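Asks: For reference, the structure I am asking about is given below.
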Amino acid sequence: MPDTPQPPHQDTRYDFAAAEPRWQQAWEAARCFSVPDVPPAGARKYYVLEMFPYPSGKIHMGHVRNYTLGDVVARYKRARGHLVMHPMGWDAFGLPAENAARERGTHPGEWTRANIANMRAELKRMGLSLEWEREFATCDPEYYGQQQKLFLDCLAAGLVERKESWVNWDPVDGTVLANEQVIDGKGWRSGAAVEKKKLSQWFFAITKFAPDLLDALGELDRWPERVRLMQANWIGRSEGARVRFQLATPVDDTAEVEVFTTRPDTLFGMSFVAVAAEHPLAAAAAARSAEAAAFIAECRAMGTSEVVIEQGEKKGFDTGFTVKHPFTGQEYPVWIANFVLMEYGTGAIFGCPAHDQRDLDFARKYGLSVTPVVLPNGADPATFAVGTEAFTDDGISFNSGFLNGLDVTAAKRAAIARIEELGQGQGVTNWRLRDWGVSRQRYWGCPIPVIHCDDCGVVPVPAAQLPVVLPEDVDFSRPGNPLDHHPSWRHVNCPSCGKPARRETDTFDTFVDSSWYFARFCSPRAGVPVTPEAVDAWLPVDQYIGGIEHAILHLLYSRFFTRAMKATGHVKLDEPFAGLFTQGMVTHESYKGADGRWLYPEEIEKRADGSAIVKGSDEPVTVGRIESMSKSKRNTVDPGAIINRYGADTARWFILSDNPPERDMEWSESGVAGASRFIGRIWRLAQGMSEVATPDEAMGKKLRQATHRAIASVTEALEAFTFNVAVAKVHELANTIADSPMAPLAARREAMEALIRLASPMMPHLAEEVWASFNADAGLVAQLPWLEADPELLRADSVTLAVQVLGKLRGTIEVAVDASDEEVFALAESEPNVIRALDGKPVKKRIHVKGRVVNLVI
RNA sequence: GCGGGCGUGCCGGAAUGGUAGACGGAAGGGUCUUAAAAACCCUCGGCUGCAAGGCCGUGCGGGUUCGAGUCCCGCCGCCCGCACCA
């Protein structure tokens, strides 16, 4: 009988509650995660960043997932010899703080600081390899004061404008919203129907960079395709022409109306001009006719909500004005139409019903002419007609004077050339992207550093007076912006002429705060926005990680802001984020009690048959859909409670193991328990290592080979961001170790050390604990280099080949790796089951793919 | 409507064109225990067979290939984003 290894000690259960804080302190004491603002020459820098949190009060599972993913990358890259910067901060301005102030009478600053303190403590318990020395909050005057400098630099550089414009007004939040913050005609936070208001606002000239923001998307090869497409659609480039139509008789002082079209080749097919309800010509019509005014009011009331669009009803009003065709001189009516948007193009179109579905619907409804001018390939010009479906494909121009016979592309070119010759317009590129309105009528934000003087107009706050600090003594008992009714704050003297003047009381959209924080992290205490040596060395962010919900807003603004900072001499690069990873959401089952109230997961109890009851009662529970965790549905799990019960490593391990990180994951109690079991198993496996009396050398060799295969495959999985696969490979190695009890201790120790080092980016505390138990003086795993697989050990001596007959698996053979084709075929054809499948027939063709498969064709 | 993604056991999922279902979860059975928990062991795509094995199987229908979950063509379904954008 061979001897058997000692069973593990029964009482040495892994005490995560003691171990985790101890290792967190050890990392901090050793300053494992600190890096200099300016890396030493020759350092290979790597900047890992997760989207910084809004300090709402507590961390949620989405944070846990986000920061765990980032931490795996940071720890792995550090082990690979990179100098890794991995900072954390707080996106600390915003409306919830003000709402809390109104509801509970606490100051927004106080509320925010308390939340930050709490969330910082929670994050620290996760054992993240963060460099807390770089921490800041965007509500720190040291931060937002530098932001004010950047704004003034942009103002001087012409990248900021004050414009009177139609804005999106959220009546519930009492503030203006950017276009990006209006979703289906509703405010992104309040859900209130957004109204149109005309206000003077500050705008960042993001449209100046529209071409570059679009073109550069092509270079972002480490961004998800999805995000790039969303941004491309948002920027919305379209080629076309602006065409001015002379009014047959001038209206007031206006002699013409300008339209934008992408189809100048269809000009001969026009039958009307249509303008938006907000267009000046519409206003002129309203001044002349009560009916027109009523129609405009109706349009405004209807808005462009989804429902209205869905019904797709085209409505119009004939103004009675007419325009002359630039080529033919013929006259066409000018309508006001509900489907024409003031925000896009010029707020006016020309209608060519035969080749545009919308125009066709409109023309049919109001009996306007429909003249086809593009002939489908192969169609007969004598009989071709448009019924209820517009022809929008390519074809050949006809009924179109000088354009006849040209294809669409050529006709567009010829039409534009003629329009330009006639001085009636020009070819243009139109963009959907609008300038970024950043004025918000709120208190808890970065003050916009300008002063309004009756004599001097808008005067920038002089650099010496920065930062413009928010006043602390504010009154939230009245509605509106407290800065407006503060007794003294807004009253200042004009820096230019010295007369009494008014401070700007609007604050910045909080998206401004998050548009450059990644740059500030490089030198967070500097007395300038960024120090050139630091940003030049550390930017761009090598790996940025966050939710897909920021695909447009935050990521587009940051791309713009980086360009603006380049234009104002602060940085040298255009793109802030070289790599982007968008994680999926954390979801959970939802539960409802008998009366329909939502229940928290910890309030229910699952029964064996899959049904559920309210804990401690027999009230039945309806198990609802698996959906994104949200407070309103109470399907949330508190990370703090999970860490208390299982430890941080368990939470991290489970969240990584469940599925690929870009997909939505389901948080399940049994899944966490499984992760916890595995951690206990590793600990027992590590503790139970002692030499056996008669080691099995062959088993030892197999174990060593498995160890090195694991090194190779875990490394590959981490590089590919397939952390679930990395977890599976660690499991495999653990299984192999457990199945190799007779291998020499050295081989088992090597395997176990490799296992914890490979798992260390994912479960850093347990890795340290096991490592220390092996050798107390071996230093921290956090400071060890990554393991390299030994190519010798990756090479197996023999391989199992699948043997197929006509592509169907009939058996397997074990052959030497370097076996010749002849040897392999001979062995394959002598395998009993293969012989049966061959059925005595001659083999016509033999295929041998080394190390993989043999296929015999009969 | 436009754009993108995805369809694999009970579930999450794995699989450079080469043994489909690694790994985990759930479930069932067993060992240990007075009992439970923990731990450990076994089973776990379907049909069929005493067994060896055989047949079927990656949404559906075709195709390319010695060989297709993977590549190509055509459908179906689900998810996401955008959308009266001229």
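The values are calculated or read from the model by the stated rules, or taken from the named source; none is laboratory data. Not measured: the values here are computed from a predicted model. Quick reminder, even Gly has a Cβ in these numbers, built from the backbone with ideal geometry, and neighbours come from all protein chains shown. The protein model used for the area step is the full one, side chains on, heavy atoms only, and it has no ligands, DNA or RNA in it. Shrake-Rupley method; radii C 1.70, N 1.55, O 1.52, S 1.80 Å.
Asks: Please report how far the C-alpha centroid of the stretch A:468-546 lies from that of the stretch A:175-250, rounded to the nearest whole angstrom.
Replies: 25 Å
Asks: With the crude spin-label approximation of a point 7 Å out along Cα→Cβ, what separation in nm comes out for A:LYS499 versus A:VAL853?
Replies: Spacing of the two 7 Å Cα→Cβ label points: 8.7 nm.
Asks: While we're here: Within the set of other residues whose C-beta is less than 14 Å from the C-beta of A:LEU766, count the net charge using Lys and Arg as +1 and Asp and Glu as -1.
Replies: Net charge around A:LEU766: +2.
Asks: For the charge dipole of the stretch A:292-416, defined by +1 on Lys and Arg C-beta atoms and -1 on Asp and Glu C-beta atoms about the Cα centroid, which residue among A:VAL374, A:VAL408, A:ILE296 has the Cα displaced farthest towards the positive pole?
Replies: So the residue we want is A:ILE296.
Asks: Rounded to whole Hz and in sequence order, give me ³J(HN,Hα) for the stretch A:587-602 from the Karplus expression 6.51 cos²θ - 1.76 cosθ + 1.60, θ = phi - 60°, writing x for Gly and Pro.
Replies: 10, 7, 4, 10, 10, 10, x, 4, 8, x, 7, 6, 10, 6, x, 6
Asks: For the stretch A:618-633, list residues with backbone N below 17 Å from a point placed 7 Å from the Cα of A:ASN659 toward its Cβ?
Replies: Output list for this probe position: A:624-630.
Asks: Using the Karplus equation 6.51 cos²θ - 1.76 cosθ + 1.60 (θ = phi - 60°), what ³J(HN,Hα) coupling, rounded to whole Hz, does each residue of the stretch A:250-262 give in order, writing x for Gly and Pro?
Replies: Values, residue by residue: x, 10, 6, 9, 8, 9, 8, 10, 9, 10, 10, 9, 9 Hz.
Asks: Here's a follow-up. Once you put a point 7 Å from the Cα of A:ASP618 and another 7 Å from the Cα of A:ALA417, both along the Cβ direction, what distance in nm separates them?
Replies: The answer from the label model is 8.9 nm.
Asks: Just need the relative contact order of the stretch A:575-655 here, percent rounded to a whole number, with Cα pairs under 8 Å and 6+ apart.
Replies: Relative contact order for the stretch A:575-655 comes out at 30 percent.
Asks: How much of A:SER488 can a 1.4 Å solvent probe reach, expressed as accessible area in Å² and rounded to 10?
Replies: 70 Å²
Asks: Note the angle between two axes, namely the Cα long axis of helix A:669-687 and the longest principal axis of the Cα atoms of chain A, as a number of degrees from 0 to 90, rounded to the nearest 10.
Replies: 40 degrees
Asks: Expected output is a single nm value to one decimal: the length gained when fully extending between A:ARG597 and A:ALA746, i.e. 0.36 nm times separation in residues minus the C-alpha distance. What is it?
Replies: Result: 47.8 nm gained on full extension.
Asks: P(r) for the stretch A:569-698, please, calculated from all Cα pair distances in 10 Å bins and given in %.
Replies: Percent of Cα pairs in each bin: 10, 28, 26, 16, 11, 7, 2, 0.
Asks: Under a plain spin-label model, where a point goes 7 Å from the Cα along Cα-to-Cβ, how far apart in nm are A:LYS701 and A:GLU313?
Replies: 8.4 nm
Asks: At most 16 other C-beta atoms within 10 Å and a DSSP loop state: those are the exposed GluC sites (Glu not before Pro) I care about. Give me the longest piece of chain A that has none. Display every interim value, and only then the final one.
Replies: Numbers: sites that count: A:GLU313, A:GLU343, A:GLU389, A:GLU472, A:GLU662, A:GLU691, A:GLU788.
Longest stretch, sites excluded: A:1-312.
Asks: In the stretch A:551-582, which trypsin sites (Lys or Arg not before Pro) fall in coil by DSSP and have 12 or fewer other Cβ atoms within 10 Å?
Replies: A:LYS572
Asks: Regarding chain A, what are the three Cα extents along the principal axes, ordered largest first, in Å?
Replies: Result for chain A: principal-axis Cα extents of 111, 85, 68 Å.
Asks: Taking the Cα centre of chain A as the origin and placing charges on Cβ (Lys, Arg +1; Asp, Glu -1), which of A:ILE59, A:GLY688, A:LEU483 is farthest toward the positive end of the dipole?
Replies: Looking along the dipole axis, the top candidate is A:GLY688.
Asks: If you don't mind, another one. Using +1 at the Cβ of each Lys and Arg and -1 at the Cβ of each Asp and Glu in the stretch A:1-134, identify which of A:ALA41, A:ALA79, A:GLY94 lies farthest towards the dipole's positive end.
Replies: About the Cα centre, the residue reaching furthest to the positive side is A:ALA41.
Asks: Same structure, new question: Quick query: amide H of A:PHE339 versus all other amide H atoms, modeled in the peptide plane; which residues come in under 5 Å with a sequence gap of 5 or more or a different chain?
Replies: Close amide H contacts, sequence-distant or interchain: A:LYS315.
Asks: With a cut-off of 16 Å, note down the residues of the stretch A:432-452 whose backbone N falls inside the zone around a label point 7 Å from the Cα of A:HIS491 toward its beta carbon.
Replies: Backbone N within reach: A:452.
Asks: Quick one: accessible area per residue over the stretch A:379-491, 1.4 Å probe, rounded to a whole number of Å²?
Replies: 49 Å²
Asks: What percent do you get for the relative contact order of the stretch A:689-784 when only Cα pairs under 8 Å and 6+ apart count?
Replies: Value for the stretch A:689-784: 31 percent.
Asks: How big is the dipole moment of the stretch A:711-827 about its Cα centre under a simple scheme where the beta carbon of each Lys and Arg is +1, that of each Asp and Glu is -1, and everything else is neutral? Debye, nearest 20, please.
Replies: Working: 7 positive and 18 negative charges, 92 e Å.
My answer is approximately 440 debye.
Asks: Compute the long axis of helix A:745-759 from its Cα atoms, compare it with the longest principal axis of the Cα atoms of chain A, and write down the angle in degrees, 0 to 90, nearest 10.
Replies: That helix lies at roughly 10 degrees to the long axis.
Asks: Summarise the accessible area of chain A (1.4 Å probe, protein heavy atoms) by the percent that is carbon and sulfur.
Replies: 51 percent
Asks: Still on this structure, I have one more. Using only Cα atoms, find the angle between the long axis of helix A:553-567 and the longest principal axis of chain A, and express it within 0 to 90 degrees, rounded to the nearest 10.
Replies: That helix lies at roughly 80 degrees to the long axis.
Asks: Another question, then. Before I look further, what does the stretch A:537-592 give for accessible area per residue, probe 1.4 Å, in whole square angstrom? Walk me through the numbers on the way to the answer.
Replies: Working: 1370 Å² over 56 residues.
For the stretch A:537-592, the per-residue accessible area is 24 Å².
Asks: OK, next. Output the relative contact order of chain A, whole-number percent, from Cα pairs under 8 angstrom with separation of 6+ residues.
Replies: Normalised by residue count, the contact order of chain A is 14 percent.
Asks: Please give the charge dipole size of chain A, origin at the Cα centre, charges +1 on K and R Cβ atoms and -1 on D and E Cβ atoms. Round to the nearest 20 debye.
Replies: In debye, rounded to 20, chain A gives about 160.
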